[in-house]
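Report on one structure; see the data block that follows.
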Amino acid sequence: MARDELSVLTALDVAKTQWYHFTAIIVAGMGFFTDAYDLFSIANVTKLLGRIYYTHQGAPKPGTLPPNVSLAVNGVALCGTLTGQVFFGWLGDKMGRKKVYGLTLAIMVFASLASGLSFGHTAKGTVSTLCFFRFWLGFGIGGDYPLSATIMSEYANKKTRGAFIAAVFAMQGFGILFGGIVSLVISTIFDHAYSAPAYEVDAEASLVPQADYVWRIILMLGALPAALTYYSRMKMPETARYTALVARNAKQAAQDMSKVLQVEIEAEQDMVDKLSERDNNNFGLFTKEFAKRHGKHLIGTCTTWFLLDIAYYSSNLFQKDIYSSIGWLPPAKEMNAIHEVFRVSKAQVLIALCGTVPGYWFTVAFIDHLGRFFIQLMGFFFMTVFMFALAIPYDHWTKKDNRIGFLVMYALTFFFANFGPNSTTFVVPAEIFPARLRSTCHGISSAAGKAGAIVGAFGFLYASQSKDATKRDVGYPAGIGMKNTLIVLAVCNCLGMFFTFLVPESKGKSLEELSGENEDEGTNETSQQPAASNRTVPV
């Protein structure tokens, strides 16, 4: 097969691991650190919000967020994320990755601070402004997905590209962990400074006025890591693949990468012009040619991410409800408001340490050895197994003596989500599509994931409610119960295994080999679909 290779891209593909690789991981990864902190720290404070704004005098139990309010608080950031993924994904291909990269971070910093400063003395006023700012927080977070993935894939060499992209995404695990730790620290400080009895002892005294500062401080601290990396993002040069293959400026691409790689690279404008004239480098997203070459791959990346996020986000955002249902957290009336934040955060930290964080870094270690296809298939398989193992004997796990076993199984589900599809669904869309459509296609794929997260977050909240009215949260209709909800999530994971077969293996190939951008137009029809033949199924 005839191929035309640009020397600047070849230099990137074969470059040894250098300091600039690690710099790029840190700069891009801190965005995901912030993303995870902001998206998942809300789970630590939603019970507190219910106590502060929805407790009624004389009620036997502390207040909880009404169904529609809980849906808004937990889901509005996901709606903003979905919108941001599509918009900034498209903008990243139109204007360049670097030009819009700093904008997403600035939005995240502003919206994090504004979320904590949500104003109003009434429940409606405070929650409405909180949801407004969390939508825009999600919008900025959404832009980080396609831009960070695309930038890292276009900077990396082909030998360790998977590990580098996965390492950026793995910072999400540290963000979840840090969110739990911050919540632990803040709640501990306030709990000691403003000692209060449990709700059942003295309902009014259990909620000190200073509790309103707790959730605000926790949310506002999400701005800090993003702000610290803003300058570094602005100093990063545009990727050579965008400059050469999309902007078609060979001289600028060579200059930028000469500085990064510290080697002399020749500017090949004639080669860039030659490549740009070919029909296979000019088709758009909504064309028959794209559908023929990459349509199946886009369906695969979208469906697998959608199914994964139904299970992953519903489990993450509503950990507190799962812990309460198995009795690992005491009933709300046995705690004061701030101590409840401490107990919820402690549970999140333990799961993050035991399952979430290790799973991400196992992917980093093995993705370029085992391949994306194998890890994704394996992850979906074990998520299915452990979710069924939790769901089918659910009554067994709710007994006090068996709660540790439940938590071990639950942690293993998170481990194989992250040493599995939660990482690979992020990696693959950044590798298999053409440079001019790479950010857009990653944005579409990740938006499909967030659509799954919205389905999971909204659906789980109602579905997991008990059929027994005495065990349901106030204001909720009867659901199918926690057991049946876990079975539904297990089925979603099982479907993810089957849709994984639509996704090509991208291990060890250059981005241009996968997308076909360096192919001669004279290649036959089979070779015009290079990514389709690149799967290496381990045996």
- Could you list, in sequence order, the residues of region 432-441 that are among the hydrophobic types (A, V, I, L, M, F, W, C), part of a helix (DSSP H, G or I) and buried (at least 24 other Cβ atoms within 10 Å of the Cβ)? 435, 441
- Scope region 82-100; condition farther than 16 Å from residue 39 by Cβ, open to solvent by 40 Å² or more (accessible area, probe 1.4 Å) and either in contact with a Lys or Arg (Cβ under 6 Å, 6 or more places away or on another chain) or among the aliphatic types (A, V, I, L, M) (or both); matching residues: 86, 95
- Considering each of 346, 333 in turn, give the residue that is at pLDDT below 95, touching a Lys or Arg at 6+ places or on another chain (Cβ under 9 Å) and of a type in the set (Lys, Arg). 333
- Message: I want to confirm something. Restricting to region 277-297 and keeping residues that are open to solvent by less than 20 Å² (accessible area, probe 1.4 Å) and either touching a residue at least 24 places away in the same chain (Cβ under 8 Å) or among the β-branched types (Val, Ile, Thr) (or both), which single residue is farthest from residue 500 (Cα to Cα)?
- Response: 278
- Of the residues that make up region 29-46, is at least one closer than 27 Å to residue 312 by Cβ, charged (D, E, K, R) and touching a residue at least 60 places away in the same chain (Cβ under 8 Å)? yes
- One residue from 454, 444 being open to solvent by 10 Å² or more (accessible area, probe 1.4 Å), among the aliphatic types (A, V, I, L, M), touching a helix residue (DSSP H, G or I) at 6+ places or on another chain (Cβ under 8 Å) and modelled with pLDDT of 95 or more: 444
- How about region 207-247: which helices (runs of 4 or more DSSP H) wholly inside it have at least 2 residues that are farther than 15 Å from residue 117 by Cβ and either of a type outside the set (D, E, K, R) or at pLDDT below 90 (or both)? 223-228, 230-235
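Rundown of residues vs (1) over 26 Å from residue 197 (Cβ atoms); (2) at pLDDT below 90; (3) open to solvent by less than 30 Å² (accessible area, probe 1.4 Å), yes/no style:
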{"position": "338", "(1), (2), (3)": "no, no, yes"}
{"position": "341", "(1), (2), (3)": "no, no, yes"}
{"position": "356", "(1), (2), (3)": "yes, yes, yes"}
{"position": "366", "(1), (2), (3)": "yes, no, no"}
{"position": "369", "(1), (2), (3)": "yes, no, no"}
{"position": "373", "(1), (2), (3)": "yes, no, yes"}
{"position": "382", "(1), (2), (3)": "yes, no, no"}
- Query: Within region 230-248, can one find any residue that is over 30 Å from residue 512 (Cβ atoms) and surrounded by fewer than 20 Cβ atoms within 10 Å (Cβ to Cβ)?
  - Reply: yes
- Message: Can you tell me how many residues within region 214-262 are in contact (Cβ under 8 Å) with a residue 24 or more places away in the chain, charged (D, E, K, R) and either more than 28 Å from residue 109 (Cβ to Cβ) or touching an Asp or Glu at 6+ places or on another chain (Cβ under 9 Å) (or both)?
- Response: 3
- Applying the selection to region 51-81, what residues are within 18 Å of residue 215 (Cβ to Cβ), in a helix (DSSP H, G or I) and open to solvent by 50 Å² or more (accessible area, probe 1.4 Å)? none
- Query: How many of the residues in region 129-152 are basic (Lys, Arg) and in contact with a Phe, Trp or Tyr (Cβ under 7 Å, 6 or more places away or on another chain)?
  - Reply: 0
- Assuming residue 38 fulfils every condition listed in (1) open to solvent by 40 Å² or more (accessible area, probe 1.4 Å); (2) over 30 Å from residue 259 (Cα atoms) apart from one, which condition is it? (1)
- Would region 104-114 turn up any residue that is open to solvent by 50 Å² or more (accessible area, probe 1.4 Å), without any contact (Cβ under 8 Å) to a residue 24 or more places away in the chain and either of a type in the set (D, E, K, R) or within 18 Å of residue 46 (Cα to Cα) (or both)? no
- Out of (1) open to solvent by 10 Å² or more (accessible area, probe 1.4 Å); (2) over 30 Å from residue 232 (Cβ atoms), the one residue 14 does not meet is (2)
- Item | Residue that is buried (at least 20 other Cβ atoms within 10 Å of the Cβ) and either in contact with a Cys (Cβ under 9 Å, 6 or more places away or on another chain) or among the acidic types (Asp, Glu) (or both), where the choices are 212, 191, 202 | 191
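The values are calculated or read from the model by the stated rules, or taken from the named source; none is laboratory data. Computed from a predicted model, the values in this text were never measured in an experiment. Quick reminder, even Gly has a Cβ in these numbers, built from the backbone with ideal geometry, and neighbours come from all protein chains shown. In case anyone asks, the SASA skips ligands and DNA or RNA and just uses the protein heavy atoms, side chains included. Shrake-Rupley method; radii C 1.70, N 1.55, O 1.52, S 1.80 Å.
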